[in-house]
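Undergrad: Encoded as C-alpha cells, here's the structure I'll be asking about.
The values are calculated or read from the model by the stated rules, or taken from the named source; none is laboratory data. Computed from a predicted structure; not experimentally measured. Virtual Cβ from ideal backbone geometry, glycine too; neighbours counted across all protein chains shown. Areas reflect the complete protein model, heavy atoms only, side chains present, ligands, DNA and RNA absent. Shrake-Rupley method; radii C 1.70, N 1.55, O 1.52, S 1.80 Å.
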Amino acid sequence: MGRRARPLTGLTATATALALLLAGCTADSGDGDGDDGKITLQFQSLAWQKESVDANKALVEEWNATHPDVKVEYVQGSWDSVHDQLLTSFEGGEAPDIIHDASDDLADFAYGGYLADLGELLPDRLKSDIPRRSWETTTFGGKVYGVPFLQEPRVLIANAKWLKDSGVRIPTPEKPWSWAEFRDVTKELGDGEDGKYGVAWPLKEPVSATLNLSLSAGGRMFNRGEDGKVDVRFGKADAIMPRTVHDQVNNDKSASGTTLGMGGSDTLPGFFGGKYAMVPLGFSYRQQIAQQAPEGFDWQVLPAPAGSEGLAQGVSPQTLSVSEDSPHKKEAAEFLDFFLQPQNMVKLARGDWMLPTGEKALKDPALHTEKNDWAVGTALAEDLRSAPAQSVRGYPEWKDKVATPAFQEYYSGAIGLDELRKRLVKDGNLVLARYQR
C-alpha cells in the first residue's frame, strides 16, 4: 500500500531528474514533508469492519484537526496480504511511517532491522498502562518493536437454550470447565446421530488455536535454551488440548468432522440452524453473530476450558509499529500516544469487538455490560499471555510446512498422536535450525 516507484526511461527520466533537482533547490524537507515544512505521516491501518474503520478514521481526523503541523494520512491495508506487502515496501524503502499489524508477524521484521525500537520514544503513561504480559508480545532481544493495543481471547459461543435444556453445568470465568469436563459435556449435548453435535471446531488454520489454547494445560511446544535457541518439544501437557479435539471428532462423535476444514464464519449457518451446541471462536465473532443470528436465537459466551494453568491463553495482539526508515519517529510516537489514550482504546476495542490491552480502558463500563457478553470477555483479560510462537524465528515456515498439515491429519484421524509428535518435533526442528545458525 506504500508508494511505488516505476522504472523511468528516455525523456521521462531526464525530465523527472530535472524536476527533482529543482525541487531540491526550493525545499529541504524529507520524505513525506510538504514544501511548507509541514510533516505528513502515513498510517497504514488494517481495520476492515465498518465500525472499526470509522473509529480509526475519526481519530485520524481528530488528530489532524488539532495538529496542523503534523498531518496523518490514512492508508487502507489488508490482513490477507500484509506480510508480503510490508516486506516489499520495507525492501523498497517505501514503508508507511506507522504500521498496523499483529504481534506474531513482527519477529522477522524486528530482527531484520525494519522496525524502530520504541523503548525511548513512548511516554511513561502508555508504557505503564499496558501490562508487562502484553509488552512481552512485541519485545524481541530486549527491544520494543510495537505497541500491543487490541487482543482477542478465544471463547465458546454457545446455543444458550440448548445448554439450559440439557441441564449441563454452565461454566463461568470463576468456575470454568476443565478439558475433561468439556469433553464429557459435548458428549452429553450431541453425538451426531441425529445430525446434532456438541461442538464444531473450525480448524482450517489449526496451529494458532492449538498452541494458544494449550497454554491453559501447561503446553508450550517451543522451548528456549540458555543459548537463546528454540527447539520444539511435545510433552503430555502439549497433547491435552489436541487429544481432546481428536477424541471428540473420532471417538465420541460429539464434534463434526466436516467443520475441521472450515473457517469460523463457515460454521455459523449450522450453529444458527441448531446443528452445533457450541463453536470455539475469537471474541470478535460476537459482532457477526449479533448481526446475523435469526430473530429470537439465544446465544451466550462461555470461557474456553481451563487446565493446570487455569484460563491462561496465548494471544497475538494487534500492534502499532514505526518504520525504522521513517524520518519522523518522534512525531509518529506522539500520534501513537494520542491514538491510544484510554478513551480512544475503548472506541477502537468496541469498533473491533475486541478487548483493549490498556488497564484504564479495560475498566470502562462500556466493556462490562451483559449485553453481547462483553463482561465475560473482559473477565478473561488478566489470563491472556504472549502466544508461544511469538518470538520464534522461522515460525511461519514451521506452521505452513510442518504443523498445519500434521494437525489437520491428526484431527481428522488420519494419523495418531505418535506420528503427530514425530512430525512436529523432528521435522519442525529441522526447519527452525535453519533460522538459528
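Undergrad: Which pairs turn up if I take residues in the range 34-62 that are under 16 Å from Leu320 (Cα atoms) and look for partners that are of a type in the set (D, E, K, R) and open to solvent by 40 Å² or more (accessible area, probe 1.4 Å) with beta carbon separation below 6 Å, at least 6 apart in sequence or on another chain?
TA: From the range 34-62, the pairs are Gln42/Glu73; Ala55/Lys347.
Undergrad: I've got another one for you. Does the range 398-415 contain any residue that is buried (at least 17 other Cβ atoms within 10 Å of the Cβ), modelled with pLDDT of 95 or more and in contact with a Phe, Trp or Tyr (Cβ under 7 Å, 6 or more places away or on another chain)?
TA: no
Undergrad: Does Trp162 meet the test of being open to solvent by less than 20 Å² (accessible area, probe 1.4 Å) and in contact with a helix residue (DSSP H, G or I) (Cβ under 8 Å, 6 or more places away or on another chain)?
TA: Working: open to solvent by less than 20 Å² (accessible area, probe 1.4 Å): no; in contact with a helix residue (DSSP H, G or I) (Cβ under 8 Å, 6 or more places away or on another chain): yes.
Considered against the rule, which asks whether it is open to solvent by less than 20 Å² (accessible area, probe 1.4 Å) and in contact with a helix residue (DSSP H, G or I) (Cβ under 8 Å, 6 or more places away or on another chain), Trp162 comes out as no.
Undergrad: Sticking with this one: With respect to the numbered conditions (1) open to solvent by less than 10 Å² (accessible area, probe 1.4 Å); (2) closer than 18 Å to Ala58 by Cβ, which one is the sole condition not fulfilled by Pro303?
TA: Every listed condition holds for Pro303 apart from (2).
Undergrad: Take residues that are farther than 23 Å from Val376 by Cβ and tell me which of the strands (runs of 3 or more DSSP E) falling wholly in the range 264-337 contain 3 or more.
TA: Numbers: elements: 278-282, 299-303, 313-315, 318-322.
Passing ranges, in order: 318-322.
Undergrad: Also: Failed condition for Pro202, given (1) loosely packed, with under 15 Cβ neighbours inside 10 Å; (2) within 26 Å of Met241 (Cβ to Cβ); (3) touching a residue at least 60 places away in the same chain (Cβ under 8 Å), with all others met?
TA: It fails just one condition, (1).
Undergrad: If Val346 passes every condition in (1) more than 23 Å from Gly307 (Cα to Cα); (2) surrounded by fewer than 21 Cβ atoms within 10 Å (Cβ to Cβ); (3) among the hydrophobic types (A, V, I, L, M, F, W, C) but one, which one does it miss?
TA: With respect to (1) more than 23 Å from Gly307 (Cα to Cα); (2) surrounded by fewer than 21 Cβ atoms within 10 Å (Cβ to Cβ); (3) among the hydrophobic types (A, V, I, L, M, F, W, C), Val346 is out only on (2).
Undergrad: If I filter the range 225-262 down to residues being among the charged types (D, E, K, R) and touching a residue at least 60 places away in the same chain (Cβ under 8 Å), which single residue comes out as most open to solvent (accessible area, probe 1.4 Å)?
TA: Keep residues of the range 225-262 that are among the charged types (D, E, K, R), which gives 226-227, 229, 231, 233, 236, 238, 243, 247, 252-253.
With the extra rule that they be touching a residue at least 60 places away in the same chain (Cβ under 8 Å), the set shrinks to 229, 231, 233, 243, 247, 252-253.
Values: Lys229: 99, Asp231: 48, Arg233: 129, Arg243: 105, Asp247: 22, Asp252: 27, Lys253: 102 Å².
Only one residue tops the list, namely Arg233.
Undergrad: Sticking with this structure for a sec: For Pro280, are the conditions met, namely being open to solvent by 10 Å² or more (accessible area, probe 1.4 Å) and without any contact (Cβ under 8 Å) to a residue 60 or more places away in the chain? Write out each step before concluding.
TA: On the way: open to solvent by 10 Å² or more (accessible area, probe 1.4 Å): yes; without any contact (Cβ under 8 Å) to a residue 60 or more places away in the chain: no.
In short, no.
Undergrad: Determine which single condition Asp191 fails, assuming it passes every other condition in (1) without any contact (Cβ under 8 Å) to a residue 60 or more places away in the chain; (2) surrounded by fewer than 18 Cβ atoms within 10 Å (Cβ to Cβ).
TA: Among (1) without any contact (Cβ under 8 Å) to a residue 60 or more places away in the chain; (2) surrounded by fewer than 18 Cβ atoms within 10 Å (Cβ to Cβ), the lone unmet condition for Asp191 is (1).
Undergrad: If Phe140 satisfies all but one of (1) within 22 Å of Ile39 (Cβ to Cβ); (2) more than 17 Å from the chain's Cα centre (by Cα); (3) of a type outside the set (Gly, Ala, Ser), what's the number of the condition it fails?
TA: Only one criterion is unmet by Phe140, namely (1).
Undergrad: Another question, then. Report whether or not Val346 is modelled with pLDDT of 95 or more, among the hydrophobic types (A, V, I, L, M, F, W, C) and not in a strand (DSSP E or B). Spell out how you get there, then give the answer.
TA: Details: modelled with pLDDT of 95 or more: yes; among the hydrophobic types (A, V, I, L, M, F, W, C): yes; not in a strand (DSSP E or B): yes.
Yes; evaluated as a whole, the condition is true for this residue.
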